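Participant: I'd like to ask some things about the structure below.
The values are calculated or read from the model by the stated rules, or taken from the named source; none is laboratory data. Remember, it's a predicted structure, so these values are computed and weren't measured experimentally. Positions of Cβ are generated from backbone atoms using ideal geometry, with glycine treated the same way; all protein chains shown enter the neighbour counts. The area values use the complete protein model at the heavy-atom level, side chains included, leaving out ligands, DNA and RNA. Shrake-Rupley method; radii C 1.70, N 1.55, O 1.52, S 1.80 Å.
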Amino acid sequence: MRRIGLLVVVLALVVAGSWWFFAHRAPSHSTESLTVYYTKMDGTSMGSWNVSMRPQQPGESSTEHLQNMALYAAVQSVAGPPGDVEAIRFPPGTHINTVSVHGSTATVDLSHEVTQQVGGTFGENGEFKGLVYTLTGVPGIDAVQVTVDGQKLETLPGGHVELDQPLHRSDF
């Protein structure tokens with residue numbers, strides 16, 4: 001009889017410990033993977049590939065995790081698909097200076113090389129469409145504000161994509 005009582009106590013401790021462990025785990029707001037989009041050479045259709053995302057780390061706040069996910073998404077988008085894939089790409093040398101998230105808008109600061117796009121409307125729309133689709137695929141982000149070397153521009157030198165307001169998927 002004593003063994004049954006001890007077994008009940010041990011079982012109750014295991015149940016209580018399991019409940020406490022699962023109830024106090026840091027929530028994960030990330031997905032297992034991120035879809036990175038690019039615009040195909042026809043200028044309208046899109047291609048994509050998936051990259052792995054790390055889960056929220058212990059001690060990393062939800063805000064920090066969202067910032068890190070947005071940065072990773074922007075870097076992947078600007079890097080583009082593998083070289084053997086035909087895609088509209090950012091001009092060579094274009095890189096991410098910073099990414100920040102405020103509310104549901106990610107601000108992506110690109111290097112000045114982005115102003116050297118030679119593809120006109122076709123090229124500008126293609127590169128920014130992929131960037132916006134990729135970043136708005138991150139849970140919690142629905143718009144992308146683009147700056148260049150810390151400056152908000154009305155447009156790029158070609159004047160084809162308005163950058164003075166956040167971009168949404170519906171803009172493309």
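Participant: Considering only region 118-146, how many residues are open to solvent by less than 20 Å² (accessible area, probe 1.4 Å) and either touching a strand residue (DSSP E or B) at 6+ places or on another chain (Cβ under 8 Å) or polar (S, T, N, Q) (or both)?
Facilitator: Residues flagged as open to solvent by less than 20 Å² (accessible area, probe 1.4 Å) and either touching a strand residue (DSSP E or B) at 6+ places or on another chain (Cβ under 8 Å) or polar (S, T, N, Q) (or both) within region 118-146 amount to 14.
Participant: What residue, among those in region 60-90 that are over 20 Å from VAL114 (Cα atoms) and in contact (Cβ under 8 Å) with a residue 60 or more places away in the chain, is least open to solvent (accessible area, probe 1.4 Å)?
Facilitator: MET69
Participant: Among the numbered conditions (1) modelled with pLDDT under 95; (2) assigned to a helix (DSSP H, G or I), tell me where VAL78 comes up short.
Facilitator: (1)
Participant: Suppose the filter is open to solvent by 40 Å² or more (accessible area, probe 1.4 Å) and assigned to a helix (DSSP H, G or I); does THR115 pass it?
Facilitator: Answer is yes for this residue.
Participant: Scan region 104-145 for residues that are under 14 Å from the mean Cα position of the chain (by Cα) and of a type in the set (A, V, I, L, M) and jot them down.
Facilitator: Selection gives ALA106, VAL108, LEU131, VAL132, LEU135, VAL138, ILE141, ALA143, VAL144.
Participant: Within region 91-103, work out how many residues are within 18 Å of the chain's Cα centre (by Cα) and either touching a residue at least 40 places away in the same chain (Cβ under 8 Å) or surrounded by fewer than 16 Cβ atoms within 10 Å (Cβ to Cβ) (or both). Explain how you work it out, then say what you get.
Facilitator: Filtering region 91-103 for residues within 18 Å of the chain's Cα centre (by Cα) gives 94-103.
Next, from what is left, pick out any that are either touching a residue at least 40 places away in the same chain (Cβ under 8 Å) or surrounded by fewer than 16 Cβ atoms within 10 Å (Cβ to Cβ) (or both): 95, 97-98, 100-103.
Of the residues in that region, 7 qualify.
Participant: So is ALA106 farther than 21 Å from PRO166 by Cα and open to solvent by less than 70 Å² (accessible area, probe 1.4 Å) or not?
Facilitator: On the way: farther than 21 Å from PRO166 by Cα: no; open to solvent by less than 70 Å² (accessible area, probe 1.4 Å): yes.
So ALA106 fails the test.
Participant: Something else: If a residue must be loosely packed, with under 12 Cβ neighbours inside 10 Å and of a type in the set (A, V, I, L, M), how many such residues does region 42-59 contain?
Facilitator: 0
Participant: Kindly provide the set of residues from region 122-172 that are over 20 Å from MET46 (Cα atoms) and at pLDDT below 90, ordered by number.
Facilitator: Residues satisfying the conditions are THR155, LEU156, PRO157, GLY158, GLY159, GLU162.
Participant: If PRO157 passes every condition in (1) in a loop (DSSP other than H, G, I, E, B); (2) in contact with a Ser or Thr (Cβ under 7 Å, 6 or more places away or on another chain); (3) in contact (Cβ under 8 Å) with a residue 60 or more places away in the chain but one, which one does it miss?
Facilitator: Here PRO157 clears every test but (3).
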